Every structure is written in structure tokens, then in C-alpha cells.
1. State the extension gain, in nm to one decimal, for the chain segment bounded by residue A:52 and residue A:125, taking 0.36 nm per residue of separation less the distance between their alpha-carbons.
2. Can you sort A:254, A:207 from fewest to most other Cβ atoms within 10 Å of each residue's own Cβ?
3. How much length is gained on full extension from residue A:223 to residue A:108, taking 0.36 nm per residue of separation minus their Cα-Cα distance?
4. What is the angle, in °, between the Cα long axis of helix A:45-102 and the longest principal axis of the Cα atoms in chain A? Nearest 10 is fine, range 0 to 90.
5. At 222 nm, what value in deg cm²/dmol follows for chain A if DSSP H runs of at least 4 each add -39500 (n - 2.57) and the sum is divided by all its residues, to the nearest 500?
6. Can you give me the angle between helix A:264-274 and the longest principal axis of chain A, using Cα atoms only, in degrees from 0 to 90, rounded to the nearest 10?
7. Identify the residues of the range A:250-264 with backbone N under 12 Å of a label point that sits 7 angstrom from the Cα of residue A:281 along the Cα-to-Cβ direction, or state none.
8. Could you list A:275, A:66, B:26 in order of exposure, starting from the residue whose Cβ has the fewest other Cβ atoms within 10 Å?
């Protein structure tokens, strides 16, 4: 054939027979599989026909993978567009509401103020849904870009607890954080903060009035362990295996009509795994749930600012 | 107190940013498109520009280049205020030496961006 590689190979290691079969997809040659043999071979029609069927199968498979990744790309572009189009009106809704809520207290009256606070809370809920949808669409497109820096897990937990406090107080929940001294961890602070936010806001959401949410940070045999435990409604054991699936919602959640779309834990799992960690859950209906994240010590890495980690 | 150009194809957002900045004592020049922005600034350059990114006609990124190509605005500090939130969008804005805020925005973040733009035109 064209290049000098095969004759050279044939000479170097004494090859006497070569059989090349094309990988064909949609009428185009996508690649070639080449088989060599040291001994001279007779032309074997049935072998050639079997191998060309294989070539076609591989071609079809490649073609299908290609269209799947095209479809994911288009889906990603679609979500980016939807996200943009939803964020624009939300900017006005949230922006003008803020202006009203900043007005002097007596200009509004408590009742009207409460109504507007409700509108504001729901607009923000819609906004976080838009962000979550864009996030999972990006995952499908092939990865989760992470920015690795030294970070303080305790501070991430404290910030997430602080953000959850107003909601927790309205339900008279006790929020607690216990932690041993932790060495700085190398990870993406924004993404890991998101995992704390999702786990803690879930715990608060699914725990009835008067309950308790506890966040524990510790190191177990070199593994950094995060636990978020609540005294909430719990998850039936038969459903626990599906919890991290996209759009999955536990029957206890839908039964109690607790709002949500089932993306929070999918996002947690993706972020934790992109850091080389793992997620697990233990729960009993009516007793409560504990989510556990385990981050093994990172392998020694070069001092690069960021890296691309496949989802 | 500064003279601030605000450009967005959504009039509600132009007005929202206008109200916020006026309350801080700034003078605001509003425009609904890149072309309009070029027209209203040709006589009297602003101190800072707050630009949307996705607009019909000129995009915010193109407008940023054109404004800075105009007389008296070579070092114009620009703040992009955009509903495009993907890392590559933010990178594209920052690569022009601009600040980048995402929509919906927090008023205090807008004020911080304006104030720091007035002190140091280029984002470090």
C-alpha cells in the first residue's frame, strides 16, 4: 500500500501475509483493521466475508457513538439557550423585587412584604433549577471542568449551613457541625460548596419541624469523610439504590409533596466522583438519613491550576 | 459619581440597572443596542460601560471592541452583565480585560464592579 510501514514491517519481522479490512460507516471508510501472519496464507473467502461483517458492525457502532455525541452536544446547546432565555426575565423579576423589598418597612406593611418574600423565594428556586438543568446538560456533553485549589472543608460546610439557617429556623431545626482539624484539601471550592449546599438543603427540606441536621467532617484512615445526617422522613431501602439517578425522587418525598425535581443528588455524585471520591447513603423511613462522602487522599499531582476530569 | 453607559436589548433590565446606579449617585446613559450605544457616546465618552453580551446586531463583545476603538475611549472600563453563564462565555468576556457579572445580578456586586473599574480600569 501507500506508506513504507508495511513492507518495512514485513521485512523486519518476516511477515508473509496481510489482510486489511475496511471499517465502513455510512458509505465512508472510517478506519482499517490490518491482520498480519508470518506464514503465507491462501485467500479464504469465508474468512474475508466474516471479517467484513465485523468491519461493518464496528462501523455502525462508531457511527452510532458519533451521532449520540452530536445529540448530546445539541442538547447542551439547547439547554444553554433555554438557560439564557429563562435567566433574562428572572433578572427583572428578582431585581425589581429587591428594589421593592428594600423600600422602607412601613411603605409595604408586613402582609404584603411576606407575599413578596414568597415570590422572591420561588423566583430563586426557579433560578437554581435552571442552573441545575444546565449543569447536567454539561455533564452529558462530556465532562465537568474543575478548578483545583487548596480549600478548607470546614469553611465550605459552615457557609452551606449558614445559607440553610433561615429555612432551618422557620422549622425550628437544630443545625450542628462537628469537625476535627483537617489539612487543606485540593479541590474545586465552588463545586464542593455546591455538594454541601445540596446535601444540607435536602436534609433541612426533608426533616420535619423540631428535628436535627448534623454535619460531621473527619479523617478515617487517610480518607476525608463528610457525613450529613438528619432526623427526616427517610428513604425506603428498595429506593436507596436509585437516589443518585437523574430525576429520581423517593416515594417518601413525593408522598409528602416536598418540592424538587431530583437533580440535587445527581449533581453531588458527579462532583464527588470528579474529585475521585464516592457517595453512599444509609436511611430508615421515619428515622432519618445519613449521606456519606468519602474523598481518598489525592495522588501527588503537578502544580497545574486546573484540569479536565471526565464525568 | 461617574458617567455610566448601560446597554441591553431588554428595556426592563436597562431600566433596572439605571435605577440601581442612579441611586448610587451616578449619571446613566442608556442604550437598547450596540448601534445606539455608539451614537450616544460619540460626543461624550462614558467613564464605565455596563454591557449585555447577547444582543441582536452588535454583540456586547463586538461593541466593547468598537467603543474602545473610538476616540477618547481606548481605556474604557467595561463590565459585562450577561445571562450567559458558561465558563467559556465568562472567559471570552474576561479575555477583553473586562469584568463579568452574570444575571440575575446582586446589586452590591454591580456597585463593587463599578467602583473598582473607576479605580483600576483593567481587571487583574
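Each value in this text was obtained by applying a stated rule to the coordinates, not by laboratory testing. Owing to the predicted nature of the structure, the values given are computational and were not obtained by experimental measurement. FYI the Cβ positions are ideal-geometry reconstructions off the backbone, even for glycines, and counts take in every protein chain you see.
1. 20.8 nm
2. The fewest-first ordering by Cβ neighbours comes to A:254, A:207.
3. Extra length from residue A:223 to residue A:108 when fully extended: 36.2 nm.
4. Value to nearest ten degrees: 20.
5. Rounded to the nearest 500, it is -16500 deg cm²/dmol.
6. Once rounded, the angle reads 50 degrees.
7. Answer for the range A:250-264: A:250-254, A:262-264.
8. In increasing order of surrounding Cβ atoms, one gets A:66, B:26, A:275.
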